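The values are calculated or read from the model by the stated rules, or taken from the named source; none is laboratory data. Since this is a predicted model, take the numbers as computed values, not measurements. Cβ atoms come from the backbone with ideal geometry, glycine included; neighbour counts cover every protein chain shown.
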Amino acid sequence: MLKNITVYRILISLLVLCISARELFAQQTGSLKGIVVTADGAAAVGATLVLKKGNSGAVADTEGQFLFPSLEPGHYTLSASMVGYTSLNEKVEIRAGEQTEIRITLQTDMVQLQTVEVTGRRDSGYKSDYSFAATKSAIPVTEIPSTVSTITQALIRDRQAVRFDDIARNTNVRVTNNGRSVVIRGFVSTTRLINGLRTLNENYRFPAISPVVESYEVVKGPSSSMFGNMSPGGVVNLVTKKPLADKKQAVSFSVGSFNTVRGDLDFTGKVTEDGKILYRINVFGQNSDTWYTNMKDNGFTVAHSFSFLPKDGTRINVDLNHTRLTTMEHDGLFPFKGKSIDQTPIGFSVLQMGDRNKTSTTSLNISASQKLGKVLTLNVSYLKDLLTWDDKRHVANVYLGDRAWSAGDSSVSVAYAEWDSKTDSDNITAYLTADFNSGKIAHKALVGYDYNASLFNWGTYRNTTTNIGSINVYDPAKSSSALDGATYPLSAYTYDRVNKTRDFANGIYFQDQVSFTERLKVLLGLRFESYTFRLAYQTPVQNDVSQNAWLPKIGVTYNLPSNTHVYGSYITGFQPVSSGSLVFGSVEGGGTLKPEYSNQFEFGAKQELFGKNLLLTAAVYQIKKTNVTQLTNPGVVNANDRIWRQLGEVTSKGFELEFNGQVSRAFSLSGAYNYNDAQISKDLNEANVGQRLGLAPKHQGNIWAKYELVKQGALKGLGFGFGANFSSETPMLQAPALSTPSYTVLDAALTYKIDRVSFNFNLNNITNKRYYTGAVRATERYYVGAPRSFMFRVGYSL
């Protein structure tokens, strides 16, 4: 018995000793808890944390948080790093029995980003810190002496935008005519860039699928000094998603109005353990009706991207994108005879069952960046685009005027047409960048060469030569009963040879950002552009038309205290006359059409607020464009009877205000306002001076605000979004004396995140406002905005 008591006492003593030792050890150790964010306040997911004393390591989680639990007291150096950001070392002190907390903010590394887009972007907020679209260099937005508006992936996701049309208003860009007419600062822009390279122009009928787009960058004003012939209003650059070194897997499923069903996935990560080969794959699919009768909007796209990083200073990226769309290019609404346009049902269409447009696009983009010593970097990029177009549709003959309407009623006559065509383009850019100092003056210079060529094959066009029936939306009994598209006699016209066109452009350019001090920077640039149209390509009557231009630019930025950046710039632009103007019709008064030239003066200020998390940009500008080409008889039936004139000069003056970013970690904002006065300033006919440009409203703007609960609790992750966009009355494209009315449209969203699952509910056009994004003329082609609609999305990420 005594022995047992002794054993028990020994065991109890050992237990007390262990507990005491544990408590003593706990008092002698500490812990380190922290969060890593990027400059815009977003969580730096996957950032690597290393404590150099002891070489302990951790990785930031989906909230950007990390923890080192048991550390001996003392002084440590904490290293934080992530691809695309400048590594940061912080001194921390660990005290016994205490938990030290730290917040680390990583800044974008412009050197790592390179000048060719070969690195995946991580910014997840509404503010973009840099852009290469305006200068072909990864320059901070605050140092660019012009306005660059960026629609980030975060904003695209919050708005559940599938096409640029759905989100363009957030940059004060007006999109109409099924996405083909993008109006920037009063001018229609038909050129698109993908990762800084020119792609197919207005024949690239439908805009890119946003789920495979990292961001949209809108460079305001002429961009010819960097990219050749461009609209003076600006250009849209699509930045595609690139691979990330951190493993990311996300899938989502959506349902919504018009029987819409969507699904997409986004996988990225390392192919090899050493991270020298990275991959990313995006897949998106949609089946949907639309608010138009007999009009679908189905699409599928798959985008592969691989990055090769064999050694320091070498980066290669390969993107392959294939998209197939089955939808229609709607011709817009028109007023029935004796009725107003508002009496035409918003969903009216003469399309019949079986009408469809099948568009297939394939693009290959190869980009490479190679450092050549400490100063030079060679950048090369190639883009190949292929497009096929297969269109079958019924069309209203409203262009025939009174002949389109049956006598005594409002039945409109209908025709039928089929059109097969294809086009492709090749684009190459190669340039050297040099970062060096001459004394106390720093230079970020580049010199390069661009080549692009596009081949447009008009293919075969088949149509009915006589009316095949009529449609009356007010009295269906008066509509034809058999409009099936199968029994019509068609006459065929093969454009394949005579109207095959090919255009070539060669450009040599130089640019230098000169930093006289840390605050004062001057941007100088000059480009020589040679452009050639080749008409009736590869036929005995082939004809070349060449146009050349010298394109200078200069810009100055000055950084004032309190994160205020003021700037001024003068840039020039150039647009050759379109091939359609050269092929069809004649010039009023004889002679030939001259190239269109433009220039812009812009002055503004950029203010970083709330710890540099929100960027406010204000700018005033004046754009002048000379030798403007205009069709004098837009109602002509035969294209060969068209008469073109160059009316002299148009001027666009305006003021823009934009703000994007975060007021706090919980509150995000994106908004813009634009006053624009675009009108004819010189004309052969004095009576036309002062006439406004079509599709250019004087006032337009938008705001989108999102508030998300970020504190701990059951409601953490719940978010609310609200937005509004408005426009004053808008002149018609070919009848600018007439206008479509002003409008205001309201949108809202509800979001919720719980662990790896996210929910998004968006309600657009809350009041079901009927509005027009633009119109061609009083008798036809009114493009109507979408009626009230909703979209619900469920997402899961690893």
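Assorted remarks:
- Failed condition for residue 119, given (1) in contact with a Gly (Cβ under 6 Å, 6 or more places away or on another chain); (2) modelled with pLDDT of 60 or more; (3) assigned to a loop (DSSP other than H, G, I, E, B): (2)
- Here residue 571 meets the list (1) without any contact (Cβ under 8 Å) to a residue 12 or more places away in the chain; (2) surrounded by 15 or more Cβ atoms within 10 Å (Cβ to Cβ) almost entirely, failing just condition (1).
- Residue in the stretch 437-446 that is nearest to the chain's Cα centre (by Cα), counting only those that are of a type in the set (A, V, I, L, M) and surrounded by 14 or more Cβ atoms within 10 Å (Cβ to Cβ): 446
- Being within 17 Å of residue 302 (Cβ to Cβ), crowded, with 17+ Cβ neighbours inside 10 Å and modelled with pLDDT under 90 is true of residue 359.
- Checklist (1) aromatic (Phe, Trp, Tyr); (2) surrounded by fewer than 16 Cβ atoms within 10 Å (Cβ to Cβ); (3) assigned to a helix (DSSP H, G or I) applied to residue 399, failing item: (2)
- Residue pairs whose Cβ atoms lie under 6 Å apart, separated by 6 or more positions or on different chains, with the first residue in the stretch 693-720 and over 30 Å from residue 624 (Cα atoms) and the second assigned to a loop (DSSP other than H, G, I, E, B) and among the charged types (D, E, K, R), are 709/716; 710/665.
- Considering only residues in the stretch 455-478 that are touching a residue at least 60 places away in the same chain (Cβ under 8 Å) and under 18 Å from residue 537 (Cα atoms), the one that is surrounded by the most Cβ atoms within 10 Å (Cβ to Cβ) turns out to be 456.
- Test: residue in the stretch 268-281 that is closer than 27 Å to residue 176 by Cα and of a type in the set (Gly, Ala, Ser): no
- Pairs where the first residue, in the stretch 645-658, is more than 12 Å from residue 676 (Cα to Cα) and in contact (Cβ under 8 Å) with a residue 12 or more places away in the chain and the second is of a type in the set (Lys, Arg) and in a strand (DSSP E or B), C-beta under 6 Å, 6+ apart: 648/682; 649/682; 650/625
- Check on residue 674, under 24 Å from residue 747 (Cα atoms) and either surrounded by fewer than 22 Cβ atoms within 10 Å (Cβ to Cβ) or out of contact with any helix residue (DSSP H, G or I) (no Cβ under 8 Å at 6 or more places or on another chain) (or both): yes
- Matching entry among 358, 384, 374 (being closer than 21 Å to residue 239 by Cα and basic (Lys, Arg)): 384
- When the stretch 182-215 is limited to residues that are at pLDDT 80 or above, of a type in the set (Gly, Ala, Ser) and under 15 Å from the mean Cα position of the chain (by Cα), the one that is surrounded by the most Cβ atoms within 10 Å (Cβ to Cβ) turns out to be 196.
- Residue 534, sole failed condition from (1) surrounded by 13 or more Cβ atoms within 10 Å (Cβ to Cβ); (2) over 31 Å from the mean Cα position of the chain (by Cα): (2)
Residue by residue, here is whether (1) buried (at least 20 other Cβ atoms within 10 Å of the Cβ); (2) touching a Gly at 6+ places or on another chain (Cβ under 6 Å); (3) more than 19 Å from residue 648 (Cβ to Cβ) holds:
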position	(1), (2), (3)
696	yes, yes, no
700	yes, no, yes
704	yes, yes, yes
718	no, no, yes
722	no, no, yes
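- Subset of the stretch 316-358 (residues that are free of Cβ contacts under 8 Å to residues at least 12 places away in the same chain and assigned to a loop (DSSP other than H, G, I, E, B)): 340
- For the stretch 744-751, the criterion of being at pLDDT below 95 and acidic (Asp, Glu) is met by no residue.
- Of everything in the stretch 49-66 that is touching a strand residue (DSSP E or B) at 6+ places or on another chain (Cβ under 7 Å), under 18 Å from residue 91 (Cα atoms) and modelled with pLDDT under 80, the residue that is surrounded by the most Cβ atoms within 10 Å (Cβ to Cβ) is 56.
- Residues located in the stretch 234-286, provided they are part of a loop (DSSP other than H, G, I, E, B), at pLDDT below 95, buried (at least 16 other Cβ atoms within 10 Å of the Cβ) and of a type outside the set (A, V, I, L, M): 241, 242, 243, 246
- Within the stretch 137-191, strands (runs of 3 or more DSSP E) holding 2 or more residues that are closer than 30 Å to residue 253 by Cβ and touching a residue at least 12 places away in the same chain (Cβ under 8 Å): 148-151
- The residue of the stretch 155-176 that is surrounded by the most Cβ atoms within 10 Å (Cβ to Cβ), among those that are closer than 19 Å to residue 332 by Cα and more than 11 Å from the chain's Cα centre (by Cα), is 176.
- Answer residue from the stretch 767-798, given it is in a loop (DSSP other than H, G, I, E, B) and hydroxyl-bearing (Ser, Thr, Tyr) and is surrounded by the most Cβ atoms within 10 Å (Cβ to Cβ) among those: 771
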